[in-house]
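Report on the structure given below.
The values are calculated or read from the model by the stated rules, or taken from the named source; none is laboratory data. These numbers were taken from a predicted model, which means no experiment stands behind them. When we count neighbours, we look across all protein chains shown, and the Cβ atoms used for this are built from the backbone with ideal geometry, even at glycine.
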Amino acid sequence: MASLKDIKRHISGVKQTQKLTRAMNMVAAAKLRSTQNRTERFRRYALEHERLIKEIADRSPVEASDLLKTVEGAGKVLILAITSDRGLCGSFNSNIMSALDKFILKKLDEGLSPELFLIGRKGRDYYNRRKVPIHEAMVGILGSIDYDTAKAIADELIADFSSGAYQEIWVLFTCFKSLGRLNVELERFLPLGESTPAGQGTILPGGGLDYLVEPKAEVLLSTLLPRSLTILIYRALLESVTSENAARMQAMDNASKSCKDIIESLTMAYNKARQAAVTNELLDIVNGAEALKG
C-alpha cells in the first residue's frame, strides 16, 4: 500500500495537471470564439459561390475550361489532407487519418495511385512512417491563416492538374458544425465536374427567379474557377482550425474532469490510509499499556 507521503505527492501532481488542462481549455475557448464567427460567415459565402459556379459550369460548353475535364490516363490522384500541428485535441487527427486511409484504399482498388499533400505536423509524421508517396508537406501555417496562403496552395494544385500530373485532386478536412459535431468531409477539388453544352447565354435559377449571366459562361469560368478553388481551400483551412480548437477545448475539459475524479479518489485513499495509521498507533498505545500492567 502506498504511503501517506506518496499519495499526497500524487494528489499534488494531479492538481498541477488540472491547472494546465484548465488553462489550455480557456486558451482553446478564446481561439474558438475568434475563429467560429469568421468561419461561419465565410462558409455561407463559399457555399453560395460554389452553387453559382456549378450552375454556370452545367450550362457551359465542354471545352469552356480545362479545369472541368478529367485528365485521362494520368493514373494518379492527389489528396490534400489538413490535420493539426499539435496534439491534445482528442480524436481530431485520428478521425482525419482514418478517413484518409480508407480513401487511399478505395483509390488503390480503382487502379489509381494516390499521393498526399499534407498540411499539419501530425499528418506528416503519421504518413512519414507509411508507404504512401508524399507530394508535399506544409507545417506551421495553421497559426495564421490568410487568403494569400490559400491562393498559393490553390495555384499550385491547379498547376499540377493542368500539367496532366494528376487525374483527380481531392480535399479532406474537418467541418465545424457545433461543439459536439465535427464532421470529416471530402470534396473533389479538380476536375470540378463534367459540363454540358449550352446556348449563347447562361440562365441561373435561384429563389424562383432566373438570372441572365453575361458575358458567356466560358468567359466567366476562366476568371471565376481559379477564385472558386482558392475559396474552397481557404474555407477548408478555416473549418479545420475552428474544429481543432473545438476538439482541444472538449479534450481539455474532459481531462480537467478526469483530474477532478482522480483527486477525489486519491483524497479518499489518503483519508483511509491516515485513518488506518491513526488506528494502528492507538492499538500500539493500548498494547503497550496492557503490557506494562502485566
Quiz item: Taking region 193-242 only, how many residues are among the charged types (D, E, K, R) and at pLDDT 80 or above?
Solution: 3
Quiz item: If you take the residues of region 20-74 that are of a type in the set (Lys, Arg) and at pLDDT 90 or above, which of them is surrounded by the most Cβ atoms within 10 Å (Cβ to Cβ)?
Solution: LYS31
Practice problem: Kindly indicate whether LEU112 is surrounded by fewer than 18 Cβ atoms within 10 Å (Cβ to Cβ), under 28 Å from MET252 (Cβ atoms), of a type outside the set (Gly, Ala, Ser) and touching a Lys or Arg at 6+ places or on another chain (Cβ under 8 Å). | Solution: no
Quiz item: Failed condition for ILE263, given (1) out of contact with any Ser or Thr (no Cβ under 9 Å at 6 or more places or on another chain); (2) more than 22 Å from VAL14 (Cβ to Cβ), with all others met?
Solution: (2)
Self-check item: Filter pass, LYS216 being surrounded by 13 or more Cβ atoms within 10 Å (Cβ to Cβ) and farther than 30 Å from VAL184 by Cβ
Solution: yes
Quiz item: Among the residues of region 247-262, is any touching a residue at least 60 places away in the same chain (Cβ under 8 Å), over 30 Å from ARG38 (Cα atoms) and of a type in the set (A, V, I, L, M)?
Solution: yes
Quiz item: When region 86-126 is examined, which residues are found to be among the β-branched types (Val, Ile, Thr) and at positive phi?
Solution: none
Practice problem: Report the residue count in region 127-155 for those that are loosely packed, with under 15 Cβ neighbours inside 10 Å, closer than 17 Å to TRP170 by Cβ and touching a Ser or Thr at 6+ places or on another chain (Cβ under 9 Å). | Solution: 1
Practice problem: Could you give me the residue pairs with C-beta distances under 9 Å whose first residue belongs to region 169-182 and is among the small types (Gly, Ala, Ser), whose second residue is surrounded by fewer than 23 Cβ atoms within 10 Å (Cβ to Cβ) wherever it lies, and which are 6+ apart or on separate chains? | Solution: GLY180/GLN250
